[in-house]
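One structure is given below, encoded as structure tokens.
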Amino acid sequence: MQYRDETIQRLNYLDQIIASKMKSLSTAPEGRIDISKRNGTTQYYQAERGKKKGSYIHTADLSLAKALAQKFYDQLILKKAMAEKKFLEKLLAHWEAGAIEDLYEKMNPARQKLITPIYVPDSIFVENWKAVTYEKKPVSDDVASFYTDNGEHVRSKSEVMIANALKKHHIPYRYEYPLQLGKVTVHPDFMVLNVRERKELYWEHYGMMDDYDYRENAIAKTRKYIQNGYYPGDTLISTEETRKQPLDNIYINSIIKKYCL
């Protein structure tokens with residue numbers, strides 16, 4: 001589930017912080033920094049444990065003051081990070097033992113049909129999402145026959161590549177699902193479901209970007225998306241190609257890993 005994944009990511013981040021601060025503290029100078037103001041001038045002192053008065057740090061040795069100040073900061077960060085890690089590890093252990101969101105999935109299917117759960121498991125959510133029916137945009141007879149691994153008739157070889165890559169990564173999608181942009185109905189090449197975030201994305205592929213009219217229409221279409229609240233890098237994905245720079249699987253997979261998984 002999403003919050004578990006986010007917790008694991010946070011724990012990994014904390015581990016990196018803890019390791020980094022422990023390393024920096026191992027080479028930090030002895031003592032602590034004391035700061036005072038005298039006659040409007042800030043003065044720094046290196047204080048040692050057990051001693052009331054520290055040694056004055058001259059301006060020429062300001063790097064020592066910075067190192068001691070950094071040490072103070074790193075100690076606070078380390079203490080806070082270790083406390084947060086301990087808390088999150090307990091929380092994660094509790095979830096792994098079974099969260100309330102898991103109860104529905106463990107029930108008998110006959111009982112499930114009688115219940116409205118607080119959380120629909122991913123498997124059921126995806127099944128319901130894929131079960132939605134819609135009227136597809138007709139493919140004219142003069143369009144070459146390109147078929148995906150799911151048996152869909154699409155309009156180009158590039159769309160076949162995208163569809164097959166999505167299937168390979170087990171990402172649910174709908175081909176040319178109608179979307180209302182203001183008063184206009186458009187049919188994005190793919191409507192994609194990011195299951196982890198339960199977020200719907202629209203993927204447009206522009207395959208003739210070296211053609212002036214095509215390129216102008218592509219730009220206008222992207223602006224239409226933005227005007228209706230669909231922003232590139234958020235809910236809108238776009239890929240492009242020209243004759244000299246065709247679409248390839250490395251490009252497609254990088255997009256999928258960034259936005260769809």
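The values are calculated or read from the model by the stated rules, or taken from the named source; none is laboratory data. Keep in mind that what you see is a predicted model, and the values were worked out from it rather than measured. Reconstructed Cβ throughout: ideal geometry from the backbone, glycine too, with neighbour counts over all protein chains shown.
Please name all residue pairs, on different chains or six or more residues apart, with Cβ atoms under 7 Å, provided the first residue is in region 180-208 and is outside any loop (DSSP other than H, G, I, E, B) and the second residue is among the acidic types (Asp, Glu).
191/200; 193/200; 203/189; 204/189; 205/159; 205/189; 206/240
For region 123-138, indicate whether the set of residues that are modelled with pLDDT under 90, assigned to a loop (DSSP other than H, G, I, E, B) and either acidic (Asp, Glu) or under 22 Å from residue 252 (Cα atoms) (or both) is non-empty.
yes
Without any contact (Cβ under 8 Å) to a residue 12 or more places away in the chain, touching a His at 6+ places or on another chain (Cβ under 8 Å) and not basic (Lys, Arg): which single residue out of 55, 63, 145 fits that description?
On the way: 55 fails: touching a His at 6+ places or on another chain (Cβ under 8 Å); 63 fails: touching a His at 6+ places or on another chain (Cβ under 8 Å).
The unique qualifying residue is 145.
Checking the condition assigned to a helix (DSSP H, G or I) and touching a Leu at 6+ places or on another chain (Cβ under 9 Å), which residue from 64, 92, 76 passes?
So the residue among 64, 92, 76 that is assigned to a helix (DSSP H, G or I) and touching a Leu at 6+ places or on another chain (Cβ under 9 Å) is 92.
What is the one condition in (1) part of a helix (DSSP H, G or I); (2) without any contact (Cβ under 8 Å) to a residue 40 or more places away in the chain; (3) surrounded by 13 or more Cβ atoms within 10 Å (Cβ to Cβ) that residue 111 does not satisfy?
Residue 111 satisfies all of (1) part of a helix (DSSP H, G or I); (2) without any contact (Cβ under 8 Å) to a residue 40 or more places away in the chain; (3) surrounded by 13 or more Cβ atoms within 10 Å (Cβ to Cβ) except (3).
What is the number of the single condition among (1) exposed (fewer than 14 other Cβ atoms within 10 Å of the Cβ); (2) small (Gly, Ala, Ser); (3) not assigned by TED's automatic domain parsing to the domain that holds residue 16 that residue 163 does not meet?
Unmet for residue 163, out of (1) exposed (fewer than 14 other Cβ atoms within 10 Å of the Cβ); (2) small (Gly, Ala, Ser); (3) not assigned by TED's automatic domain parsing to the domain that holds residue 16: (1).
Only one of these conditions is not met by residue 46: (1) in a helix (DSSP H, G or I); (2) touching a Ser or Thr at 6+ places or on another chain (Cβ under 9 Å); (3) of a type outside the set (Phe, Trp, Tyr). Which number is it?
(1)
Could you tell me whether residue 222 is more than 19 Å from residue 134 (Cα to Cα), of a type in the set (Val, Ile, Thr) and surrounded by fewer than 18 Cβ atoms within 10 Å (Cβ to Cβ)?
Yes: the conditions hold for residue 222.
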